[in-house]
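*Asks:* Below is a structure I'd like to ask you about.
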Amino acid sequence: MTDTARILHGKPYAEAIRAEVAQRVERLKAERGVTPGLAVVLVGDDPASAIYVRSKGEQTIAAGMHSQTHRLPADTSQDELEALVVQLNRDTAIHGVLVQLPLPAHLDSARVIALLDPDKDVDGLTTINAGRLAVGAEGLVPCTPVGCMILIRDAVPDLKGKRALVLGRSNLMGKPMAQLLLAADCTVTVAHSRSKDLPGLCREADILVAAVGRPEMVRGDWIKPGAVVIDVGINRLPSKDPVKAAEGKTRVVGDVAFAEAAAVAGAITPVPGGVGLLTVACLLQNTLTAAERIAGRA
Ligand code: GUN
């Protein structure tokens with residue numbers, strides 16, 4: 001195959017979402033006197049999480065919203081974390097609450113998520129929001145699958161009857177992704193680490209979404225010619241330069257072997273620079289949506 005895939009860069013989509021959010025924020029301030037507020041909770045000092053959380057705070061402020069970042073020590077107790085979530089649920093200046101995952105091993109994330117007010121659950125992780133998505137009711141939908149859907153709709157204008165394969169079954173990504181594709185009339189398969197013949201399943205897919213967290217697992221010969229490939233993986237490997245690797249420098253790769261896949265696919269997202277850029281933009285959108293709904297009820 002000599003053709004190479006269209007590269008689906010995330011930046012222009014993220015910029016368009018942020019611009020629209022910023023306009024809607026101004027309207028909400030002018031019409032209702034409400035400034036949307038997002039609180040992000042980070043427990044511990046995982047360096048990758050710290051970078052994501054800083055970026056979320058900066059982009060929240062750039063969109064004209066109110067931002068709170070709660071950095072808690074790694075030895076924070078379950079009770080302390082739950083008390084903070086309850087306080088944020090009650091805080092009328094806050095419309096979105098995000099607890100950065102993963103939490104340190106001694107903390108029970110399911111119990112923390114269960115405490116979140118579903119109407120402030122901008123990650124779409126509560127049982128209520130997962131259920132709303134499953135039945136097609138209005139709720140808050142996890143940000144990364146929403147970002148993937150924006151790219152997929154652009155690459156495949158008519159999704160009806162398309163074969164979609166979602167690799168990965170997490171609550172934050174694989175399961176909601178499958179629901180969104182199903183709602184868009186795709187024929188959806190969810191594959192995971194225990195699935196048989198992953199390459200064969202992938203080769204049937206017109207749309208392949210990889211979210212397994214395994215560096216470059218999906219090879220070029222797993223991909224149906226012309227397929228749309230969305231790579232959600234963010235995997236850190238040692239730098240290719242041995243000197244830099246010895247200094248602890250890393251490089252980021254996706255779940256898809258990009259060069260091989262780009263030679264076969266019709267369109268593909270790069271890593272970095274693809275889906276990852278849309279996640280925070282969709283988080284801002286969810287925070288604004290939450291604030292609009294809360295203001296509408298007030
Ligand atoms: N860790 C990595 N991505 C995410 C995300 O989208 N939400 C939360 N809460 N934690 C994450």
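The values are calculated or read from the model by the stated rules, or taken from the named source; none is laboratory data. It should be emphasised that the depicted structure is a prediction, and the values quoted were computed from it without experimental measurement. Methodologically, a virtual Cβ is constructed for each residue, glycine included, from the backbone with ideal geometry; neighbour enumeration extends over all protein chains shown. Calculation scope for accessible area: heavy atoms of the full protein, side chains included, ligands and nucleic acids excluded. Shrake-Rupley method; radii C 1.70, N 1.55, O 1.52, S 1.80 Å.
*Asks:* Grab the other residues whose beta carbon is less than 12 angstrom from that of VAL275, score K and R as +1, D and E as -1, and report the net. Please list the in-between numbers first.
*Replies:* On the way: positive: LYS11; negative: ASP231, ASP255.
Net local charge, VAL275 excluded: -1.
*Asks:* In debye, nearest 20: dipole of the range 1-144 around its Cα centre with unit charges on the Cβ of K, R (+) and D, E (-)? Could you put the intermediate results ahead of the total?
*Replies:* On the way: 14 positive and 19 negative charges, 107 e Å.
Result for the range 1-144 is approximately 520 debye, rounded to the nearest 20.
*Asks:* Summarise the accessible area of the chain (1.4 Å probe, protein heavy atoms) by the percent that is carbon and sulfur.
*Replies:* On the way: 7580 of 14130 Å².
Percent of accessible area from carbon and sulfur atoms in the chain: 54.
*Asks:* Between the helical axis of 143-155 and the dominant principal axis of the chain, each derived from Cα atoms, what acute angle in degrees is found, rounded to the nearest 10?
*Replies:* Relative to the chain, helix 143-155 is tipped by roughly 40 degrees.
*Asks:* Normalised by the residues of the range 138-183, what does the relative contact order come to in percent, with Cα pairs under 8 Å and at least six apart?
*Replies:* Reported relative contact order: 51 percent.
*Asks:* Next up: Please give the peptides 195-203, 30-38, 259-267, 277-285 ranked by average Cβ packing (other Cβ atoms within 10 Å per residue), highest first, as a rough proxy for protection.
*Replies:* Details: 195-203: 13.9, 30-38: 17.1, 259-267: 19.2, 277-285: 23.8.
Result, highest mean first: 277-285, 259-267, 30-38, 195-203.
*Asks:* Between GLU82 and THR187, what is the label-to-label distance in nm when each label sits 7 Å out along the Cα-to-Cβ direction?
*Replies:* A separation of 4.7 nm, rounded to one decimal place.
*Asks:* Before rounding to the nearest 500, sum -39500 (n - 2.57) across all DSSP H runs of length at least 4 in the chain and divide by the residue total; then give [θ] at 222 nm in deg cm²/dmol. If you can, show how the numbers build up before the last one.
*Replies:* Details: 11 runs with 129 residues, N = 298.
That comes out to -13500 deg cm²/dmol.
*Asks:* Per residue, how big is the convex hull around the C-alpha atoms of the range 209-277? Give it to me in cubic angstrom, could you?
*Replies:* Details: hull volume 5.6 nm³, N = 69.
Once divided by residue count, the hull of the range 209-277 is 81 Å³.
*Asks:* I need the shape label for the chain. Rule: rounded when a/c is under 1.5, else prolate if a/b > b/c, else oblate, with a, b, c from the alpha carbon gyration tensor. It would help to have the intermediate numbers written out before the result.
*Replies:* Details: a/c = 1.72, a/b = 1.41, b/c = 1.22.
Here the chain falls in the prolate category.
*Asks:* Could you grab the relative contact order for the chain? Cα pairs under 8 Å, six or more apart, rounded to a whole percent. Don't skip to the end; give the middle numbers.
*Replies:* On the way: 597 pairs, mean separation 68.1, N = 298.
Reported as a whole number, the value is 23 percent.
*Asks:* Sticking with this one: Around MET173, under 13 Å between beta carbons, what's the net of Lys plus Arg minus Asp minus Glu among the other residues? Please report the intermediate quantities before stating the final value.
*Replies:* On the way: positive: ARG169, LYS175; negative: ASP123, ASP231, ASP255.
Within the 13 Å Cβ shell, the charges total -1.
*Asks:* What residues have an amide H closer than 5 Å to that of ARG6, excluding those fewer than 5 places away on the same chain, when H is modeled at 1.01 Å from N in the peptide plane?
*Replies:* So ARG6 has HN proximity to ALA267, ILE268.
*Asks:* In debye, nearest 20: dipole of the chain around its Cα centre with unit charges on the Cβ of K, R (+) and D, E (-)? Walk me through the intermediate numbers first.
*Replies:* Numbers: 33 positive and 33 negative charges, 83 e Å.
Using Cβ point charges on Lys, Arg, Asp and Glu, the chain gives about 400 debye.
*Asks:* For the range 163-251, just list the percent of Cα-Cα distances falling in each 5 Å bin from zero outward, please.
*Replies:* Once binned at 5 Å, the Cα pair distances of the range 163-251 give 3, 14, 22, 21, 14, 8, 8, 6, 2, 1.
*Asks:* Right, something else. Could you sort 118-128, 227-237 so that the peptide with the highest average Cβ count within 10 Å comes first and the rest follow in order?
*Replies:* Working: 118-128: 21.4, 227-237: 23.1.
My ranking of the peptides, most packed first, is 227-237, 118-128.
*Asks:* Moving to a separate point now. Give the separation of the Cα centroids, the range 17-51 to the range 253-298, in Å.
*Replies:* Here the two parts' Cα centres lie 16 Å apart.
*Asks:* Next question, about the same structure. When a/c reaches 1.5 or more, the comparison of a/b and b/c decides; with that in mind, is the range 184-231 rounded, prolate or oblate per its Cα gyration tensor? Numbers along the way, then the final one.
*Replies:* Values: a/c = 1.41, a/b = 1.19, b/c = 1.18.
Rounded shape, in that the Cα axes give a/c under 1.5.
*Asks:* Would you mind counting up the charge near TYR13? Only other residues with Cβ under 13 Å from its Cβ, with Lys and Arg at +1 and Asp and Glu at -1.
*Replies:* Working: positive: LYS11, ARG18, ARG153; negative: GLU15, GLU20, ASP154.
Summing Lys/Arg as +1 and Asp/Glu as -1 gives 0.
*Asks:* Among the aspartates and glutamates, which have Cα under 16 Å from the Cα of LYS196 when same-chain residues fewer than 8 positions away are ignored?
*Replies:* GLU204
*Asks:* Lone cysteines in the chain, defined as no other cysteine's Cβ under 4.7 Å from theirs: which are they?
*Replies:* So, CYS148, CYS186, CYS202.
*Asks:* If you don't mind, there's one more thing I want to ask. Give the residue from SER55, GLN68, HIS9 lying farthest towards the positive end of the charge dipole for the range 4-87; charges sit on Cβ (+1 for Lys and Arg, -1 for Asp and Glu) and the dipole is referred to the Cα centre.
*Replies:* Farthest along the dipole direction, towards plus: HIS9.
*Asks:* Let me ask another. Only Cα pairs under 8 Å and at least 6 apart count here; give the relative contact order of the range 234-278 as a rounded whole percent. Provide the component values of the computation, followed by the final result.
*Replies:* Numbers: 41 pairs, mean separation 15.2, N = 45.
Answer for the range 234-278 is 34 percent.
*Asks:* May I ask you to order 97-104, 141-148, 156-163, 83-90 by the average number of other C-beta atoms within 10 Å around their residues, highest value first? Let's see the in-between values first.
*Replies:* On the way: 97-104: 19.9, 141-148: 26.8, 156-163: 13.2, 83-90: 16.1.
The peptides rank, most packed first, as 141-148, 97-104, 83-90, 156-163.
*Asks:* Related question: Rounded to the nearest 5, what % of DSSP beta bridges with both residues in the chain are antiparallel?
*Replies:* Working: 4 of 33 bridges.
Counting only bridges with both partners in the chain, antiparallel ones make up about 10 percent.
*Asks:* Where a ≥ b ≥ c are the square roots of the eigenvalues of the C-alpha gyration tensor, would you call the range 115-200 rounded, which needs a/c under 1.5, or, failing that, prolate if a/b is larger than b/c, or oblate? Could the numbers behind the result be given before it?
*Replies:* On the way: a/c = 2.19, a/b = 1.41, b/c = 1.55.
Because a/c hits 1.5 or more and a/b fails to exceed b/c, the range 115-200 counts as oblate.
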